Amino acid sequence: MSQQNPASGRTVALLTAGLAVLTVGVFMVGGRLVQEPEPVQAAAHESIPEPTGQPTPQPVPTVTPSRNPRLEPDVDRGTPLGHDVFIEVVRGWTTEHVFTNTVELSSWDRGAYAAFVLSARPVSSLPLLVPDAEGFAGDQSIYGVRTARARAVPAPNRNIVEAASIGFTGRRREYDVTYSVTGECVRLRGAPQTNDISISICWVAYAQDLGTVRPQVQRMIASAARSI
């Protein structure tokens, strides 16, 4: 019967102890690996910002300037002529006809008649005043027409860039009676950046009634000019 070598027994004991230590180390490392996500979750929790109690700033809305800024107040009262233009008809005048962009007025006891015509395609005023006067006189059966020189006049307000006028005289026969008449044609042109239109105004009256008719027509022209 053979005997066991004492040295071999000690070697087996050391190997067994080493294997046990290695096994415990593996389980310890494995335990740390399983528990590793905890600090990661804590870090993710810390990255969420704390509420400050202050409202989230909202963007300030931008204000777009008006496409048609006016230098003078826009006064829209009376009979509409079109394109945001109005006429305040004064007492003593009757509205005869209202067409598209045209208003015709009369005050027959003074032989007075006025026509306001608006154009949405404005052109230079001075060259058109003689044709305006001659055409209006023909419509009113006025003959022997003499026109004065067309001239530029001061604009009624700063919303108008051009104003011009021409006077005329003539005769008109009514019920076998011939009357001397005097009239005028005026053109106004709105500023392109405000209201890019032009208005042609022609009027006529008995020569003896000019003192009352002219101021009234000028008031109506001024009312149309204020609404441009």
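For this structure, a couple of remarks:
- Within the stretch 185-209, backbone nitrogen closer than 20 Å to the virtual label 7 Å beyond the Cα of E134 toward Cβ: 185-187, 200-204
- Each peptide in 210-222, 119-131, 189-201 receives the mean, over its residues, of other Cβ atoms within 10 Å, and ordering these scores from highest gives 189-201, 210-222, 119-131.
- Extension gain, D109 to L126: 0.36 nm times the residue separation minus the Cα-Cα distance gives 3.0 nm.
- Linear extension gain, F99 paired with S180, 0.36 nm per residue minus alpha-carbon span: 26.2 nm
- E162 long-range amide H proximity, modeled H, under 5 Å: R189
Here, each number is a calculation from the coordinates, and none is a lab measurement. Here the structure is a predicted model, which is why all the values come from computation and not from measurement. For neighbour counting, all protein chains shown are included, and Cβ atoms are generated from backbone atoms with ideal geometry for every residue, glycine included.
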